[in-house]
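The values are calculated or read from the model by the stated rules, or taken from the named source; none is laboratory data. In this text, all values refer to a predicted model and were calculated from it rather than measured experimentally. No Cβ is skipped: glycine too gets one built from the backbone with ideal geometry, and neighbour counts run over all protein chains shown.
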Amino acid sequence: MAGEAPQYVAARVQRALAEDERTHELGIRVDVRGDQIFLRGQVGDEYRREAIAGVAGEAAPELEVHNEISVVEVRDPGEEENL
């Protein structure tokens, strides 16, 4: 993996996030800069946020993971909207 182009490392991590049973995540942005990987996006809870960082770290153990994923509150739909 040494000398692997950043875009290939990012693609490997994104594939791992999509395929791992702990995450099955497609909506996270993965950026690689030098020996660091940055994860950005939004999820519904802290457990999922940490699981994504864990899977990314396993997929690219040579990189330092920066978890910049936000946890957003998921609410039930409110009143019916009349158009």
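Things to note:
- Residue within region 2-13 that is among the small types (Gly, Ala, Ser), crowded, with 17+ Cβ neighbours inside 10 Å and in contact with an Asp or Glu (Cβ under 7 Å, 6 or more places away or on another chain) present: yes
- Test: residue in region 62-83 that is surrounded by 13 or more Cβ atoms within 10 Å (Cβ to Cβ), in a loop (DSSP other than H, G, I, E, B) and modelled with pLDDT under 95: no
- Any hit, region 33-42, residues being outside any loop (DSSP other than H, G, I, E, B), over 13 Å from VAL71 (Cβ atoms), without any contact (Cβ under 8 Å) to a residue 12 or more places away in the chain and not basic (Lys, Arg): no
- Considering region 14-40, and only residues there that are surrounded by fewer than 17 Cβ atoms within 10 Å (Cβ to Cβ) and not charged (D, E, K, R), the residue that is nearest to GLU73 (Cα to Cα) turns out to be GLY27.
- Subset of region 1-37 that is under 12 Å from the mean Cα position of the chain (by Cα) and among the polar types (S, T, N, Q) - its residue that is modelled with the lowest pLDDT: THR23
- Residues that are farther than 17 Å from ALA18 by Cα and either surrounded by fewer than 10 Cβ atoms within 10 Å (Cβ to Cβ) or within 10 Å of the chain's Cα centre (by Cα) (or both) within region 41-61 comprise just one, PRO61.
- Sole residue being on the phi < 0 side of the Ramachandran plot, among the basic types (Lys, Arg) and touching a residue at least 40 places away in the same chain (Cβ under 8 Å), chosen from ARG22, ARG49, ARG29, ARG12: ARG12
- Residue that is nearest to ILE69 (Cα to Cα), among those in region 2-32 that are part of a loop (DSSP other than H, G, I, E, B) and either in contact with a Pro (Cβ under 9 Å, 6 or more places away or on another chain) or among the β-branched types (Val, Ile, Thr) (or both): ILE28
- All positions within region 43-61 that are over 19 Å from GLU4 (Cα atoms), of a type in the set (A, V, I, L, M, F, W, C) and not in a helix (DSSP H, G or I): VAL43
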